[in-house]
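The structure follows.
The values are calculated or read from the model by the stated rules, or taken from the named source; none is laboratory data. Bear in mind that the values here come from a model prediction, so they are computed numbers and not experimental data. Cβ: placed from backbone, ideal geometry, glycine included. Neighbour counts: every protein chain shown. The area values use the complete protein model at the heavy-atom level, side chains included, leaving out ligands, DNA and RNA. Shrake-Rupley method; radii C 1.70, N 1.55, O 1.52, S 1.80 Å.
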Amino acid sequence: GIPGGGGGGGFGGGEMVQRKRYDPSQGQHPHHQQQQQQQQQMQLIPDQSYLAERADAMTEIEGHILELGEVFNRLGSLVEDHREMTERLRDNVDDAMENTEMAHQRLMRTFNQLTSGRSLTYKISAILFFFFVFWVVFLV
């Protein structure tokens, strides 16, 4: 048979093996095309390793974000605890202030009662002394 032509002769029961010939109008030699495909496949490998690195970096970033979320949750609970302690402290200070004012008022009342009682005692003592002097001088 004639290579490249159709016919019954040739290899393996009528099948023909056709080789691609270099055709300058197509631009590249078949062997050069195969090398170019291999280079493109090799370029995909670094791209895949780059993608794997990016995926690892994203996983690491996700882990950091989760850690930050936990830190902010703990910070939120600490702030809440601090707020509660501050409110209790304010309430205790208010109670202490009220108790101090009430104690001051009671002390002032007691002082006024004592001073008014002394003056009454002085007045009664002066009147009794006056009657005693009057009785001794004029009646005896």
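What is the one condition in (1) of a type outside the set (A, V, I, L, M, F, W, C); (2) surrounded by 10 or more Cβ atoms within 10 Å (Cβ to Cβ); (3) modelled with pLDDT under 85 that GLU67 does not satisfy?
Only one criterion is unmet by GLU67, namely (3).
If I ask for residues that are open to solvent by 100 Å² or more (accessible area, probe 1.4 Å) and modelled with pLDDT under 85, which ones from region 92-119 would you list?
Once the filter is applied, which keeps residues that are open to solvent by 100 Å² or more (accessible area, probe 1.4 Å) and modelled with pLDDT under 85, region 92-119 yields GLN113, LEU114, ARG118.
Quick check: is even one residue across region 120-139 open to solvent by 100 Å² or more (accessible area, probe 1.4 Å), under 36 Å from the mean Cα position of the chain (by Cα) and of a type in the set (A, V, I, L, M)?
no
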